[in-house]
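Student: One structure, as structure tokens, below. Some questions next.
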Amino acid sequence: MSKKEGAFRKTELKRTEKTGYDLTELRKCMEKELDPKRYEHTLGVAYTAAALAMRYGADIKKVQTAGLLHDCAKNLTNEKLIRTCHKHNIAINAAEQKNPSLLHAKVGSFLAWHKYGIEDREILDAIMWHTTGKPEMRLLDKILYIADYIEPGRNQAPNLPQARKLAFVDLDGCLFLILRDTLAYLSASKTEIDPMTQQTYDYYRNEKEKGGCQ
């Protein structure tokens with residue numbers, strides 16, 4: 001069994017007096033944990049999230065932290081993801097049982113807390129929901145979800161140029177576009193749809209119809 005497949009070890013990260021964990025240390029940790037392609041994606045998400053935070057007035061340090069850690073469980077096998085959920089009483093729904101890779105968001109939130117020592121609930125929640133979204137997302141949730149979709153390394157997502165432009169003009173409009181296109185893609189490819197993704201889409205569709213989501 002490799003180190004990555006063994007017990008999770010607490011990672012001692014340097015702290016800065018004013019802003020908490022040093023982002024340089026988090027980047028180094030992710031460079032060690034992730035394969036090169038996933039690491040480049042992670043950097044792209046963190047940088048894109050920071051740009052969106054500047055545009056919409058979110059906490060830049062928080063979104064960068066969430067961006068760097070959002071895929072911290074991507075290196076784990078499906079078997080390891082399932083074992084981690086069973087061991088730590090993390091719920092697994094039917095969609096996740098059929099497609100365990102979806103669990104990387106839940107397990108990633110768990111690792112961000114227990115391995116990397118992140119205690120901020122907003123950061124942990126943003127990591128938790130960055131794949132499916134959820135109704136009534138907070139600003140940090142929306143930024144991470146969108147940054148994961150539009151970061152510079154992405155090149156195959158539906159309506160990507162439109163989403164990238166809209167992200168800096170109408171955050172909620174971009175969120176709805178991504179949710180709509182994601183569900184359409186999953187349906188067309190006959191991929192298992194997580195119920196939370198459908199619930200999130202339904203919520204923001206209703207908001208759009210009421211005029212709360214332009």
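Student: Using θ = phi - 60° and the Karplus relation 6.51 cos²θ - 1.76 cosθ + 1.60, list the HN-Hα couplings for region 132-146 in order, rounded to whole Hz, with x at every Gly or Pro.
Tutor: Taking θ as phi minus 60°, the curve returns 9, x, 7, x, 6, 5, 7, 4, 4, 4, 5, 4, 5, 4, 6 Hz for region 132-146.
Student: With a ≥ b ≥ c the root eigenvalues of the C-alpha gyration tensor of region 138-214, is it rounded (a/c under 1.5), prolate (a/b larger than b/c) or oblate?
Tutor: Note, shape of region 138-214 comes out oblate.
Student: Here's something else I'd like to know. Quick one: how many Å² of GLU122 are accessible to a 1.4 Å probe, rounded to 10?
Tutor: It works out to around 60 Å².
Student: Report in % the part of the accessible area of the chain that belongs to carbon and sulfur, leaving out ligands and nucleic acids; probe 1.4 Å.
Tutor: Working: 5630 of 11100 Å².
Percent of accessible area from carbon and sulfur atoms in the chain: 51.
Student: Sticking with this one: Pairs LYS134/LYS190; LYS61/LYS87; LYS74/LYS115; LYS32/LYS61; LYS98/LYS165; LYS28/LYS62: which are spaced more than 26 Å apart, C-alpha to C-alpha? If you can, show how the numbers build up before the last one.
Tutor: Values: LYS134/LYS190 22 Å; LYS61/LYS87 31 Å; LYS74/LYS115 14 Å; LYS32/LYS61 21 Å; LYS98/LYS165 34 Å; LYS28/LYS62 17 Å.
Table pairs above 26 Å Cα-Cα are LYS61/LYS87; LYS98/LYS165.
Student: Moving on to the next point. Defining a contact as two alpha carbons under 8 Å apart and six or more residues distant in sequence, what relative contact order in percent does region 53-189 show? Before the final figure, lay out the partial values.
Tutor: Working: 130 pairs, mean separation 27.9, N = 137.
20 percent.
Student: Residue-wise, which Karplus ³J(HN,Hα) couplings in Hz belong to region 174-183, taking 6.51 cos²θ - 1.76 cosθ + 1.60, θ = phi - 60°, and x for glycine or proline?
Tutor: For region 174-183, the Karplus-derived couplings read 5, 4, 5, 4, 5, 4, 4, 5, 5, 5 Hz, x marking Gly and Pro.
Student: Right, something else. Residue by residue, what Karplus-based ³J(HN,Hα) values in Hz, rounded to whole numbers, does region 40-55 have, using 6.51, -1.76 and 1.60 with θ = phi - 60° and x for Gly and Pro?
Tutor: Taking θ as phi minus 60°, the curve returns 4, 4, 4, 4, x, 5, 4, 5, 5, 4, 5, 5, 5, 5, 5, 5 Hz for region 40-55.
Student: Excluding ARG38 itself, what net charge comes from residues whose Cβ is under 11 Å from its Cβ, given Lys and Arg +1 and Asp and Glu -1?
Tutor: Values: positive: LYS37, LYS74; negative: GLU31, GLU33, ASP35, GLU40, ASP71.
Spelling it out: positives minus negatives among the neighbours equals -3.
Student: Please build a GNM for the chain, connecting alpha carbons under 10 Å apart, and tell me which residue among GLY133, GLY57, GLY117 fluctuates the most.
Tutor: Comparing GLY133, GLY57, GLY117 in the GNM, the peak value goes to GLY57.
Student: With a probe of 1.4 Å, find how much accessible area the chain has per residue, and write the answer as a whole number in Å².
Tutor: Numbers: 11100 Å² over 214 residues.
It amounts to 52 Å² per residue over the chain.
Student: Which value in Å does the Kirkwood hydrodynamic radius of region 33-136 take, with 1/r averaged over all unlike C-alpha pairs and then inverted?
Tutor: Working: mean 1/r = 0.0712 Å⁻¹.
Radius from the Kirkwood sum: 14.0 Å.
The values are calculated or read from the model by the stated rules, or taken from the named source; none is laboratory data. Nothing here was measured: the structure is a model prediction, and the numbers come from that model. Virtual Cβ from ideal backbone geometry, glycine too; neighbours counted across all protein chains shown. The accessibility values were calculated without ligands, DNA or RNA, using every heavy atom of the protein model including side chains. Shrake-Rupley method; radii C 1.70, N 1.55, O 1.52, S 1.80 Å.
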